[in-house]
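What follows is a single structure, written as structure tokens, with notes after it.
The values are calculated or read from the model by the stated rules, or taken from the named source; none is laboratory data. Fair warning: this is a prediction, and the values are worked out from it, not measured in the lab. Cβ placement follows ideal geometry from the backbone for every residue including glycine, while neighbour counts extend to all protein chains displayed.
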Amino acid sequence: MRKIILPMIFLTLFLSSCSQGPSPEEVRQWIKVVDIKTQWVQKVGPDVRPWEVVFVPSIRFRLENKGPKPVRILYFNAEFKFKDEEKALGYDYRALPGGKPIKPGEKSPEVFLRSPYGFRAKSRESFKNNPYWKQAEVRIIVGIPGGKLVDLGTYPIENVLEEPLEKSPEK
């Protein structure tokens, strides 16, 4: 029985290491974060009181494969924090839209990530004038096959509020 199990373990380890695709170092060289737009977006939901507005940091981007081989990204993790602070403001986690490998020379679908936490204010104007509005940043980490995590860099969040949605025309 032991004669069968040991070769099976070695074969499994060998095959899993061969089929995992590019290494984290190759992913860092090949995959570039492009079409970046960062801003503060208005949060909606049951934890937002009717008399206040809440804005949270966000990032929109695409990944571009500048390498010679397709790269499969399984998911994204964004760590939002205030610049020069150790503690994270919040995290967002998403799977790659479409789930297909990014071929050489191609871009991924757009990815949108936002923090669950931000600043509360009485109005949009009072938010803009908030003296405690600090510079925030986001670190993008991708997961690739084999359970490997690859840090793609940290990006500043622009101190810009999203444009409000236009009201739909009334009939």
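A count restricted to segment 8-31 and to residues that are at pLDDT 85 or above, buried (at least 16 other Cβ atoms within 10 Å of the Cβ) and either part of a strand (DSSP E or B) or not hydrophobic (A, V, I, L, M, F, W, C) (or both) stands at 2. Screening segment 39-71 for residues that are over 16 Å from GLU162 (Cα atoms) and of a type in the set (A, V, I, L, M) and picking the one that is surrounded by the most Cβ atoms within 10 Å (Cβ to Cβ) gives LEU63. Looking across segment 96-138, the residues that are of a type outside the set (S, T, N, Q), part of a helix (DSSP H, G or I) and surrounded by fewer than 15 Cβ atoms within 10 Å (Cβ to Cβ) come down to ARG124, GLU125, LYS128. With the requirement that a residue be over 15 Å from ARG60 (Cα atoms) and at pLDDT 90 or above, what does segment 149-170 give you? Across segment 149-170, the qualifying residues are LEU149, VAL150, ASP151.
For segment 82-117, the tally of residues that are closer than 16 Å to THR154 by Cβ and either hydroxyl-bearing (Ser, Thr, Tyr) or over 15 Å from the mean Cα position of the chain (by Cα) (or both) stands at 8. So which residues in segment 52-70 are part of a strand (DSSP E or B) and either modelled with pLDDT under 90 or of a type outside the set (A, V, I, L, M) (or both)? Passing the criteria: VAL53, VAL54, PHE55, PRO57, SER58, ARG60, PHE61, ARG62, GLU64, ASN65. Filtered by the rule that a residue be without any contact (Cβ under 8 Å) to a residue 60 or more places away in the chain and out of contact with any Ser or Thr (no Cβ under 8 Å at 6 or more places or on another chain), segment 105-118 gives GLY105, GLU106, SER108, PRO109, VAL111. Within segment 139-158, the set of residues being at negative phi and not in a strand (DSSP E or B) comprises PRO145, GLU158.
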